[in-house]
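The values are calculated or read from the model by the stated rules, or taken from the named source; none is laboratory data. Note that the structure is a prediction, hence the values are computed from the model and not measured. For neighbour counting, all protein chains shown are included, and Cβ atoms are generated from backbone atoms with ideal geometry for every residue, glycine included. Surface areas here come from the heavy atoms of the whole protein model, side chains and all, with no ligands, DNA or RNA. Shrake-Rupley method; radii C 1.70, N 1.55, O 1.52, S 1.80 Å.
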Amino acid sequence: MSKPVRVRYAPSPTGHLHIGNARTALFNYLYARHHDGKFIVRTEDTDQKRNVEGGEESQFSYLKWLGIKWDEGADIGGEYGPYRQLERLDIYKKYVDELLDRGLAYKCYVTEEELEKEREEQKANGQVPKYSGAHRDLTPEQQEQFEAEGRQPSIRFRVPENKTYKFNDIVRNEISFESSDFGDWVIVKKNGIPTYNFAVAIDDHLMEISHILRGEEHISNTPKQLMIYEAFGWEPPQFGHMTLILNENRKKLSKRDEHILQFIEQYKNLGYLPEAMFNFISLLGWSPVGEEEIFSKEEIIKIFDPNRLSTSAAIFDPQKLKWMNNQYIKSEDADRIEKLTLPHLIQAGKLPENMEDSRREWATELIALYKEQMNYGAEIVELTELFFQDEISYDEEAMAVLQDEQVPDVLAAFSEQLAALEAFEPDAIKGAIKATQKQTGQKGKKLFMPIRVATTGATHGPELPNSIHLLGETVVQNRLRAAIEQLTK
Ligand SMILES: Nc1ncnc2c1ncn2[C@@H]1O[C@H](COP(=O)(O)OP(=O)(O)OP(=O)(O)O)[C@@H](O)[C@H]1O
């Protein structure tokens with residue numbers, strides 16, 4: 001019988017959750033859900049120098065925001081937080097002691113300077129630098145001598161000779177390494193903290209991880225982890241090394257590139273929808289059968305198949321993410337989009353925090369007007385600029401529209417028709433446009449474009465009568481007057 005599916009996402013807390021990390025977490029989550037398995041989270045924090053404040057919090061809180069929930073981790077009062085390797089030092093110690101007792105690991109007192117010297121010599125001889133094993137077979141007396149000198153030992157794993165480490169990777173098929181490529185490697189540093197590869201292997205075994213789906217930069221770590229499995233006689237999990245997500249310059253997305261728009265938090269703050277991001281990220285380096293691209297979470301869980309993981313790197317295309325978010329915004333209900341969007345108008349100082357009811361209704365209508373066009377919440381500020389300006393300027397395209405000879409007549413007639421309206425409402429405004437058509441004999445583009453350009457300053461935009469309604473009578477009449485003046489000067 002095959003083992004129950006148990007997968008994990010195990011970041012180091014060295015920075016904030018980015019699209020690449022999220023993709024790796026998401027695929028593990030999808031794999032777990034698809035197989036009714038468990039998704040576990042763990043913080044790999046043993047490299048303390050690299051840990052950053054808030055890194056762990058960001059890694060996990062934005063997973064939650066994306067809708068990626070985990071089933072297991074450390075118990076933090078009725079809830080699960082991530083397991084943390086630094087809280088598991090006693091566990092690792094037990095396994096280190098066992099390896100020492102069995103002679104599969106040993107204390108090494110070589111100093112950093114000695115190691116550096118050895119590396120330089122190897123390089124000078126054209127060899128690939130690796131630890132020579134100088135302290136492999138120290139006698140107890142030699143060990144005592146080093147201790148007496150005040151040297152701290154690291155603990156190294158005794159790499160077996162002439163062994164091949166092979167695994168059948170879910171994405172890349174068979175991969176193998178020769179043990180001769182490895183020097184005896186450190187499993188516990190001089191400060192007593194285990195190294196990454198050692199702690200990972202122990203944790204993955206104890207947490208009964210069945211499949212390890214992670215980025216391909218971990219391929220070279222796999223043989224070291226296999227050595228640990230072998231030393232304890234444990235059955236290794238199945239590995240799947242996924243291609244990395246690259247930025248537009250074909251560089252790996254990394255937590256340490258803080259200036260790139262790639263962090264989930266940034267997208268949340270810009271007013272992206274978590275479901276759209278979930279959908280978008282699921283298609284980075286994986287594709288279902290067929291052309292369809294919009295899928296609900298449940299659909300993705302159902303069709304997720306790791307055999308369709310790509311073997312070439314996926315490029316993160318922010319334009320495509322915008323497009324996908326727009327698809328979700330369009331089909332989302334107006335209330336939710338208002339909640340996503342209104343804070344951006346307030347933050348930009350376009351609207352006050354506490355609005356009168358009439359202003360609030362106006363804002364609701366304004367946001368609804370742009371729902372089809374909007375790619376993300378914060379974009380509302382630039383999209384609606386014309387509603388918050390007294391005067392508008394015309395770009396070249398708009399100017400060209402206004403140069404047609406019928407334009408002053410159309411604008412004057414429209415201004416008259418508007419003035420005669422009893423209510424300045426979208427339907428009535430539509431009526432005024434029709435009446436202008438009758439009065440001037442102009443129709444189609446020759447009628448609509450001058451009205452649109454003169455009132456909004458742009459050749460494109462949402463529904464014209466609604467836009468005019470939201471601009472309000474005074475602004476519209478002022479703009480029509482200014483345009484006519486400019487054209488008849
Ligand atoms: N660009 C990427 N594309 C896909 N997966 C990635 C990418 N970067 C990291 N991962 C995966 O995210 C998981 C967490 O990795 P890790 O914490 O090392 O993140 P990182 O962004 O590589 O950090 P750092 O840049 O600090 O090394 C790992 O499984 C790793 O393979």
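May I ask you to verify whether Ile294 is assigned by TED's automatic domain parsing to the domain that holds Leu213, within 15 Å of Pro274 (Cα to Cα) and not in a helix (DSSP H, G or I)? The answer is yes for Ile294.
Pick from the stretch 302-353 the residues that are assigned to a loop (DSSP other than H, G, I, E, B) and touching a strand residue (DSSP E or B) at 6+ places or on another chain (Cβ under 7 Å): which of them is surrounded by the fewest Cβ atoms within 10 Å (Cβ to Cβ)? Here the answer is Ser310. Scanning the stretch 145-159 for residues that are part of a helix (DSSP H, G or I) and farther than 18 Å from Gly192 by Cα yields Gln145, Ala148.
Looking at Asp305, is it farther than 28 Å from Val476 by Cβ and modelled with pLDDT of 95 or more? No; evaluated as a whole, the condition is false for this residue.
Residue-by-condition table, conditions (1) within 16 Å of the ligand (Cβ to nearest atom); (2) among the aliphatic types (A, V, I, L, M); (3) outside the structural domain of Lys252 (by TED's automatic domain parsing):
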| position | (1), (2), (3) |
| --- | --- |
| Asn125 | no, no, yes |
| Thr139 | no, no, yes |
| Glu149 | no, no, yes |
| Arg156 | no, no, yes |
| Ile170 | yes, yes, yes |
| Asn173 | no, no, yes |
| Asp184 | no, no, yes |
| Met207 | yes, yes, no |
| Ser220 | yes, no, no |
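Just one of the listed residues (Val401, Val475, Val381) is more than 27 Å from Thr364 (Cα to Cα) and either out of contact with any strand residue (DSSP E or B) (no Cβ under 6 Å at 6 or more places or on another chain) or outside any helix (DSSP H, G or I) (or both), namely Val401.
Residue pairs whose Cβ atoms lie under 6 Å apart, sitting 6 or more positions apart in sequence or on different chains, and linking a residue in the stretch 355-384 that is under 18 Å from Ser331 (Cβ atoms) to a partner that is modelled with pLDDT of 95 or more and among the acidic types (Asp, Glu), are Ile367/Glu338. Of everything in the stretch 21-42 that is surrounded by 24 or more Cβ atoms within 10 Å (Cβ to Cβ) and closer than 21 Å to Asn197 by Cβ, the residue that is nearest to the ligand (Cβ to nearest atom) is Asn21. Could you tell me whether any residue of the stretch 405-421 is more than 44 Å from the chain's Cα centre (by Cα), farther than 27 Å from Gly271 by Cα, outside any helix (DSSP H, G or I) and modelled with pLDDT of 95 or more? Yes, because at least one residue in the stretch 405-421 is more than 44 Å from the chain's Cα centre (by Cα), farther than 27 Å from Gly271 by Cα, outside any helix (DSSP H, G or I) and modelled with pLDDT of 95 or more.
Within the stretch 236-248, the presence of a residue that is without any contact (Cβ under 8 Å) to a residue 12 or more places away in the chain, assigned by TED's automatic domain parsing to the domain that holds Ile68 and more than 16 Å from the ligand (Cβ to nearest atom) is excluded. Exactly one residue out of Ser220, Ser176 is under 29 Å from the mean Cα position of the chain (by Cα) and over 30 Å from Gly150 (Cα atoms): that is Ser220.
The single residue among Gln442, Gln477, Gln486 that is over 19 Å from Leu369 (Cα atoms), open to solvent by 50 Å² or more (accessible area, probe 1.4 Å) and of a type in the set (S, T, N, Q) turns out to be Gln486.
Out of the residues in the stretch 358-378 that are in a loop (DSSP other than H, G, I, E, B) and surrounded by 14 or more Cβ atoms within 10 Å (Cβ to Cβ), which is nearest to the chain's Cα centre (by Cα)?
Our first condition is that a residue be in a loop (DSSP other than H, G, I, E, B); within the stretch 358-378, this holds for 370-376.
With surrounded by 14 or more Cβ atoms within 10 Å (Cβ to Cβ) added as a condition, the list becomes 370-371, 373-376.
Working: Tyr370: 26, Lys371: 24, Gln373: 23, Met374: 20, Asn375: 17, Tyr376: 15 Å.
The qualifying residue nearest to the chain's Cα centre (by Cα) is Tyr376.
Whenever a residue of the stretch 468-489 is in the same structural domain as Thr456 (by TED's automatic domain parsing), its partners that are open to solvent by 80 Å² or more (accessible area, probe 1.4 Å), lying with C-beta atoms within less than 7 angstrom and at least six residues away or across chains, give the pairs His469/Glu425. With respect to Leu206, is the statement that it is surrounded by 20 or more Cβ atoms within 10 Å (Cβ to Cβ), modelled with pLDDT of 95 or more and within 30 Å of Ala74 (Cβ to Cβ) true? So Leu206 does not fit the description; no. Taken as a whole, the condition of being hydroxyl-bearing (Ser, Thr, Tyr), within 15 Å of the ligand (Cβ to nearest atom) and modelled with pLDDT under 90 does not apply to Ser2.
Give the residue, chosen from Lys302, Lys224, Lys255, that is closer than 30 Å to Ile91 by Cα and more than 15 Å from the ligand (Cβ to nearest atom).
Only one candidate qualifies: Lys224.
Could you tell me whether Leu261 is away from the ligand (no atom under 12 Å from the Cβ), modelled with pLDDT under 95 and open to solvent by 10 Å² or more (accessible area, probe 1.4 Å)? So Leu261 passes the test.
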